[in-house]
1. What Kirkwood hydrodynamic radius, in Å, does the stretch 1-59 give when the mean of 1/r is taken over all pairs of distinct Cα atoms and then inverted?
2. Gain in length, LYS71 to LYS5, computed as 0.36 nm per residue apart minus the alpha-carbon separation, to one decimal in nm?
3. Would you mind computing, in nm to one decimal, how far apart the modelled labels at TYR47 and GLN31 are, each placed 7 Å from Cα along Cα→Cβ?
4. Just to confirm the filter: which GluC sites (Glu not before Pro) across the stretch 1-46 are DSSP coil and have at most 14 other Cβ within 10 angstrom of their Cβ?
5. Using a basic spin-label model with each label point 7 Å from the Cα along Cα→Cβ, how many nm lie between HIS22 and THR38?
Amino acid sequence: MGNTKITSQLIGQNIRRIRLEHGETQQELGQLIGYGATTVANYESGYRMPDLETFLAIAIHYGASFEDFVKEQVHES
């Protein structure tokens, strides 16, 4: 991970990236974790952080590791 600072925005961006890679909507992920699409949107924007139980449910659902949620994405111009 190097000098990557783990922030709610970074985790949220990765939740969104992973969700989209799996072709799911915010509503579909929300149903899986027992919340609405607005809560998922709040996670993805970094406005809110999922609690540990919810975070684990998301990770297990997508077969993702902790590192998948905290790595910075390289943006190509």
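A short reminder: the numbers here are calculations on the coordinates, not readings from a lab. Just so it is clear, the structure is predicted and the values come from calculations on it, not from any experiment. When we count neighbours, we look across all protein chains shown, and the Cβ atoms used for this are built from the backbone with ideal geometry, even at glycine.
1. Numbers: mean 1/r = 0.0871 Å⁻¹.
Mean inverse Cα-Cα distance, inverted, gives 11.5 Å.
2. On the way: separation 66, 0.36 × 66 = 23.76 nm, distance 0.93 nm.
Computed gain between LYS71 and LYS5 is 22.8 nm.
3. Here the answer is 2.3 nm between the modelled labels.
4. Details: sites: GLU21, GLU24, GLU28, GLU44; in loops: GLU24.
For GluC sites (Glu not before Pro) across the stretch 1-46 that sit outside H, G, I, E and B with at most 14 neighbouring Cβ atoms in 10 Å, the list is empty.
5. Placing both labels 7 Å beyond Cα along the Cβ direction yields 2.4 nm.
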